[in-house]
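What follows is a single structure, written as C-alpha cells, with notes after it.
The values are calculated or read from the model by the stated rules, or taken from the named source; none is laboratory data. Since this is a predicted model, take the numbers as computed values, not measurements. So basically every Cβ, Gly included, is an ideal-geometry build from the backbone, and we count neighbours across all protein chains shown.
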Amino acid sequence: MKIRNLLLLLLWCAIAILTQAEDKPKLTLDEFFNYVSYDAVRLSPDGHALVTVVDRPDWDQSIFRTELWLYRDDGRGLTPLTQSSKDSHPRWSPDGTWIAFLSERKQERTEPEDDSKSDDVTQLYVISPNGGEAIPVTTGDEDVHAFTWSADSKTLYFATRAPWTKTQQNEHKKEWKDVIRYRGDERGDTIFSIQLADALARRAELGKTPSDEDREPGVTPGSKIVAPTPWRVQQLGSSPDGKNLAFVSESISQREERVSEFEIFTVDLSNSPAPVHQLTHNEAVEQDIEWARDSRHIFFTVNYGSVDSKYHDYQLRLYWLDASTGEVQRWAEKVEQGKDFAGAVLHYAVTDNGIVAAARVGTEVQVYSQANPSAPLVRLGGWPGMYEAISTATHSSQIAVVHSAIEKPAEVYLAADSGKLAEAKPVTSFNKLFTERDLPRAKTYQWKADDGTQIEGMLMYPPGKFEAKNLPMLVFIHGGPDDADGNHFEADWYVWDRLAAGQGWLVFEPNYRGSMGYGDKFLEQMVPEIVSRPGKDILEGVDALVKDGAADPNHLAIGGYSYGSYMTNWLITQRTKWKAAVTGAGAVENVANWGNDDTTFDDAFDLGGLPWEQPKRYQDEAAIFQINKVRTPTLIDCGAEDVRVAVAECYLFDHALHNLGVPSELLIFPGEGHDLSKNPWHGKIKVREELKWLQKYGGVGSSPGD
C-alpha cells in the first residue's frame, strides 16, 4: 500500500511539473530582444553600494541605452543614477563620495551651436552617489580614452589624443581639405590631470564656461599636462600610494598590426614633468591592468601573444609585474598538487590576499582565489553556470558578480565574501520575464575526434523535448575562435540558440579545437589548419549525434557569426546535405581578409605565416576555392562598416553563390561594424530573417513572430 501511495505521489509530481511547464508561454522574438545585459559592475570602497552599467534597447530611438544604476544595501535598493543613454565605465573615488564615468552625451554650450561638430565626443563626468546632476569634468573636441582617480580622490587623470591648436587645425584643413591620410593623420595621446575641486567650481560659475573662442580646442580648462605618449592610452590606473600612474598602450590607429604597440608604462608623479618608464618589452597584447594593494605590482591579462618568447597565442592568462624591476610572474598556472590549470582567466579582481578570478574550464565559468603567484589556484563554492564582471571592495569583504546559467538569465548578485557565493543575493531583476517563459534545457555532449581527442559541446533541446531523439538539428558555431559555449544565458543577435530551440531545432554548439577552457594544447591544435581541423571536429560531432539517434540526418542546418561564419562558409563546401545555412561577417578567403582585418598578427600566426610566406595554406584553408561544391541555400549578413571582417567578404560570397545558382540572400546593416551595436533593429531583423530562412529551407519551426 505504501509503495502504491509513493508511486501515485511521484506520478502526481510528474504531472504537476509538466503542467507547470505547459502553463508557461513560449518566448517571443520581441521578448527575446528586450534582454538586458550588464556591461560592468563596480563596488563602492566600503562595499555598501555598487554601480552597474545597464545595457538595453530603446526601440523608439533605435539605439542601445547604456545607463548607470546604483544599488545601496541601506534599504533604498536599486535606483537609476543616469539617464542620458550613453554612459559607461564607472569608477568610484577612493573615498566613495563620487562616481566618475565616461559619456557621449551632448554637452551644454554657452556659445552658438556648430553643426560641423560631432555630438558623440566621449567626455569625463562625475556624479554623487546621492543623486543630482552629472557634472562634466572635461570639454573639447577629443575623446577621453581612459581615466583614473588619484589615491586621495582630489585629482582625476585622463588621456585624449594630443590636441591641436587652432592654427594647426586650420593649416591642416587648408592643405588637405577632406583628404584622409591613412597613417599620416594619426597621433599619440597626452595624459592630463585636473583637480576635482576646480572642475566643480567651474561648473558652479554659471555662464563662465569658456567658449571655443576663448580656449584652444581639445584642452579642458584647468587641466595640466602630465605626460605625452606616442601611443594611444587604452587604460589608466593610479597606485594605491598615489606615487605612480600605470597605463597600457595600444595602436594609435586601433588596428592591431604590431605587437610592440601594446606595452605597460608607469608615470612617476613625484616629478614634474612626469617621466614615463616602459616596463614591458615583449610580443604580447597586454590589457586589463590593475594595481595590487602593495602599490608595487601591476596585474594584467594577455589574450594574444607571449610575454616571454616569440609571438604565440595561448588561452587568456593572468600575470603581474614588479613596477620597480619589470619582473613578470604568471598567476592561475597551477592548482592543488601542482597540476597545470587548464582553464582560461576571463575576469579578475584584486583583494588584500591576492586575487579572485572567473575562469573557464570546459563548459563552466567558476570563481577561483589565489594568494600569490606560487600558491595553488583554489575553486570557490558557488552555483553552476557562468560568473563574470567580478568586483571587490577596498575596505570590505563584499564581492559583486554577474551570474547566469542555461535556465537562469544574467543578473547582478552581491555576497558577503568570496566564500559565500552560493548565498549571494540578487541586486537586479531586469530579466525576470525570462524565468516566466518555457525555456529550453541543455546538457553537455562529448565525442571522440579521428585522432582520439575528446571534444565537447552543448546540446540545447526544444522546450518539452529534453533528450528526445531524431530531432532536426542546427549546428550553431561560436566565434573567436578562442571562445566557448557552455552553461550560461545569453540572448542577443549573436547568440539566439533559445529562439531556434523554441522553433523545434536541437541546437548543437561544438567547442571545437581552438576553443578556450580545455588547455593551451587544445587551443593551439587549430594552427595552421584554421578551418579544416576544427571543421573535422564539428563534422565528427554531427556524425556522432546522428549515430546516437539524437539528430535527424535528413534535417541538418548550420550557422554562425564571425569565426562561426568563417567555419560555416567552409563546412558547406565539405558536405552538401545541409538544408540551410545562416552566416554573418565571415571570411571566404584569407589574403584580403588578412589585409583588411584590424587584428592581423593572430591571423598570420593561425595560418603559420604571412600570405607571401604560406600562399598555399592561405588558399587551402579558404572556402572560396571550393565554393563550387556548395548546394546549401545560404543567408548572409554583414555590417556595412565592418573592419574586423570586411564587408567585401560578404559581397564576394554572395556573388559566388549567385553565379552558381545557389539560393542566397545578402543583408547589409548600415552604420554597423563587426558588432551590431548601433541600432537594435538591425540585430532583431537579422535573427528574424535567419529564423525565417531556417523555416523556409530547413522545413522546421513556425514564424518567429508567433
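Scanning region 488-539 for residues that are over 29 Å from residue 555 (Cβ atoms) and touching a strand residue (DSSP E or B) at 6+ places or on another chain (Cβ under 8 Å) yields 516, 517, 518, 519, 522, 523, 525. Residues in region 133-173 that are more than 11 Å from residue 194 (Cβ to Cβ), basic (Lys, Arg) and more than 30 Å from the chain's Cα centre (by Cα): 166, 173. Answer yes or no as to whether residue 291 is within 23 Å of the chain's Cα centre (by Cα), buried (at least 22 other Cβ atoms within 10 Å of the Cβ), under 20 Å from residue 362 (Cα atoms) and of a type in the set (A, V, I, L, M, F, W, C). Considered against the rule, which asks whether it is within 23 Å of the chain's Cα centre (by Cα), buried (at least 22 other Cβ atoms within 10 Å of the Cβ), under 20 Å from residue 362 (Cα atoms) and of a type in the set (A, V, I, L, M, F, W, C), residue 291 comes out as no. When 667, 610 are checked against the criterion of being in a strand (DSSP E or B) and either closer than 30 Å to residue 31 by Cβ or over 25 Å from the mean Cα position of the chain (by Cα) (or both), 667 stands alone in meeting it.
For region 490-535, taking the residues that are part of a loop (DSSP other than H, G, I, E, B), among the charged types (D, E, K, R) and under 20 Å from the mean Cα position of the chain (by Cα), the one that is surrounded by the most Cβ atoms within 10 Å (Cβ to Cβ) is identified as 492. Of the residues that make up region 334-346, is at least one touching a Ser or Thr at 6+ places or on another chain (Cβ under 8 Å) and of a type in the set (A, V, I, L, M, F, W, C)? Among the residues of region 334-346, at least one is touching a Ser or Thr at 6+ places or on another chain (Cβ under 8 Å) and of a type in the set (A, V, I, L, M, F, W, C), which makes the answer yes.
Return the total of residues in region 564-607 being assigned to a helix (DSSP H, G or I), hydroxyl-bearing (Ser, Thr, Tyr) and modelled with pLDDT of 95 or more.
Summing the residues that are assigned to a helix (DSSP H, G or I), hydroxyl-bearing (Ser, Thr, Tyr) and modelled with pLDDT of 95 or more in region 564-607 gives 4.
Say whether the condition of being in the same structural domain as residue 509 (by TED's automatic domain parsing), in contact (Cβ under 8 Å) with a residue 12 or more places away in the chain, farther than 21 Å from residue 480 by Cβ and buried (at least 22 other Cβ atoms within 10 Å of the Cβ) is met by at least one residue in region 594-617. No, there is no match, as no residue in region 594-617 is in the same structural domain as residue 509 (by TED's automatic domain parsing), in contact (Cβ under 8 Å) with a residue 12 or more places away in the chain, farther than 21 Å from residue 480 by Cβ and buried (at least 22 other Cβ atoms within 10 Å of the Cβ). On the stretch given as region 370-391, residues that are of a type in the set (Ser, Thr, Tyr) and either surrounded by fewer than 22 Cβ atoms within 10 Å (Cβ to Cβ) or in contact with a helix residue (DSSP H, G or I) (Cβ under 6 Å, 6 or more places away or on another chain) (or both) total 1. Got a number for residues in region 276-317 being hydroxyl-bearing (Ser, Thr, Tyr) and under 18 Å from residue 347 (Cβ atoms)? Summing the residues that are hydroxyl-bearing (Ser, Thr, Tyr) and under 18 Å from residue 347 (Cβ atoms) in region 276-317 gives 3.
Given the structure, is residue 694 surrounded by fewer than 18 Cβ atoms within 10 Å (Cβ to Cβ) and not assigned by TED's automatic domain parsing to the domain that holds residue 304? Taking the combined requirement at face value, the residue does not satisfy it. Can you confirm whether residue 445 is part of a strand (DSSP E or B), free of Cβ contacts under 8 Å to residues at least 40 places away in the same chain and within 27 Å of the chain's Cα centre (by Cα)? In short, no. The strands (runs of 3 or more DSSP E) falling completely within region 1-103 that include 3 or more residues that are at pLDDT 95 or above and within 25 Å of the chain's Cα centre (by Cα) map to 37-43, 49-58, 63-72, 87-92, 99-103.
Number of residues in region 308-327 that are under 17 Å from residue 374 (Cβ atoms) and buried (at least 21 other Cβ atoms within 10 Å of the Cβ): the value is 4. Annotation note: of 558, 538, the sole residue that is in a helix (DSSP H, G or I), modelled with pLDDT of 95 or more, under 27 Å from residue 693 (Cβ atoms) and touching a Phe, Trp or Tyr at 6+ places or on another chain (Cβ under 6 Å) is 538. When the strands (runs of 3 or more DSSP E) confined to region 298-377 are screened for residues that are touching a Lys or Arg at 6+ places or on another chain (Cβ under 8 Å), those reaching at least 1 such residues are found at 317-322, 328-331, 344-351, 364-370.
If only one of 341, 262, 299 is under 30 Å from residue 595 (Cα atoms) and in contact (Cβ under 8 Å) with a residue 24 or more places away in the chain, which one is it?
262 is the lone residue from the list that is under 30 Å from residue 595 (Cα atoms) and in contact (Cβ under 8 Å) with a residue 24 or more places away in the chain.
Rundown of residues vs (1) over 20 Å from residue 578 (Cβ atoms); (2) buried (at least 20 other Cβ atoms within 10 Å of the Cβ); (3) acidic (Asp, Glu), yes/no style:
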position: 637; (1), (2), (3): no, yes, yes
position: 650; (1), (2), (3): no, yes, no
position: 655; (1), (2), (3): yes, no, no
position: 659; (1), (2), (3): no, no, no
position: 667; (1), (2), (3): no, no, no
position: 677; (1), (2), (3): yes, no, no
position: 685; (1), (2), (3): yes, no, no
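Which ones in region 449-470 are surrounded by 13 or more Cβ atoms within 10 Å (Cβ to Cβ) and outside any loop (DSSP other than H, G, I, E, B)? Result: 455, 456, 457, 458, 459, 460.
Which residues, counting only those in region 344-373, are in contact (Cβ under 8 Å) with a residue 40 or more places away in the chain and farther than 19 Å from residue 482 by Cβ? The answer is 349, 350, 351, 352, 355, 356, 367, 369, 373.
If you check residue 676 against the conditions, is it touching a residue at least 12 places away in the same chain (Cβ under 8 Å) and more than 22 Å from the chain's Cα centre (by Cα)?
Considered against the rule, which asks whether it is touching a residue at least 12 places away in the same chain (Cβ under 8 Å) and more than 22 Å from the chain's Cα centre (by Cα), residue 676 comes out as no.
Return yes when residue 656 is within 16 Å of residue 562 (Cβ to Cβ), in a helix (DSSP H, G or I) and over 24 Å from the mean Cα position of the chain (by Cα) and no when it is not. So residue 656 fails the test.
In region 64-84, the residues that are assigned by TED's automatic domain parsing to the domain that holds residue 100 and under 16 Å from residue 412 (Cα atoms) reach residues that are of a type in the set (Val, Ile, Thr) and outside any strand (DSSP E or B) with C-beta atoms within less than 8 angstrom, at least six apart or across chains, in these pairs: 67/82; 68/82; 69/428; 71/427; 71/428; 78/427; 78/428.
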